[in-house]
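The values are calculated or read from the model by the stated rules, or taken from the named source; none is laboratory data. Please read all numbers here as calculations on a predicted model, not as lab measurements. For accessibility, only protein heavy atoms count, side chains too; no ligands or nucleic acids. Shrake-Rupley method; radii C 1.70, N 1.55, O 1.52, S 1.80 Å.
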Amino acid sequence: MPDQDRAATREEMKEEALIRMDLLGLNKSTIQQFHTEGEIGLTVQSDMDTNLKTSHYIFETLDRDIQRFEEEYNCVVYHAIQYWGLTSWPSLLLFVSPAIREWEYERYCILKFKRVCAYVTGSANDGIREITVKPQDGCLAWVR
């Protein structure tokens, strides 16, 4: 068991990300691609379409947002949700922070409430916050 008071290494954060992806019910191939190739899965969600789509193609601007966020906060992004709404197009980056002492509580929130920490970008509410997600067909819907 890692020391709760130290910051996690990048490899430890990736292992925690795999646990969270499984708890969230993400598609097994999405989890496997993250594990073996480091590819971040993308769920595309729309106001107009209730069907969710999973992709491993990350848009260039979203890729830059992910890189900037990981560098700034020393964390690991493990999944992204691109939301195409009528009035905004925010991206939600699901991540694991290096704060090991918070991981048990964050897992509890996923299991009990389907709440995850996400960085929201591309909207008036940029920043880290908790969001509610709904597992659906191996993807994650953002419950607004």
Worksheet item: Accessible area of Asp3, 1.4 Å probe, to the nearest 10 Å²?
Response: 90 Å²
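Sort Trp89, Trp84, Trp103 by accessible area with a 1.4 Å probe, largest first. If you can, show how the numbers build up before the last one.
On the way: Trp89 140, Trp84 100, Trp103 20 Å².
The ordering from most to least exposed comes out as Trp89, Trp84, Trp103.
Would you list Thr36, Thr30, Thr132 from the most to the least accessible area, probe 1.4 Å?
On the way: Thr36 85, Thr30 0, Thr132 40 Å².
Per-residue accessible area, sorted high to low, gives Thr36, Thr132, Thr30.
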Worksheet entry | Estimated vicinal HN-Hα couplings, Hz - the stretch 32-37 in sequence order (Karplus 6.51, -1.76, 1.60; Gly, Pro = x) | 5, 5, 5, 5, 8, 10
Discussion item. Can you work out the Karplus-derived ³J(HN,Hα) for every residue in the stretch 64-70? Use 6.51 cos²θ - 1.76 cosθ + 1.60 with θ = phi - 60°, whole Hz, and x for glycine or proline.
Written reply: 5, 4, 5, 4, 4, 5, 4
Discussion item. I'd like the carbon and sulfur percentage of the solvent accessible area for the stretch 96-144, probe radius 1.4 Å, heavy atoms only, ligands and nucleic acids excluded.
Written reply: 50 percent
Item to complete: Multiply the residue gap between Cys109 and Arg64 by 0.36 nm, knock off their C-alpha separation, and tell me the result in nm, one decimal place.
Response: 13.4 nm
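Considering only protein heavy atoms, with the full assembly of protein chains and a 1.4 angstrom probe, order Lys114, Lys134 by accessible area, largest first.
Greatest to least solvent exposure: Lys134, Lys114.
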Worksheet item: To the nearest 10 square angstrom, how much accessible area does Phe113 have with a 1.4 angstrom probe?
Response: 100 Å²
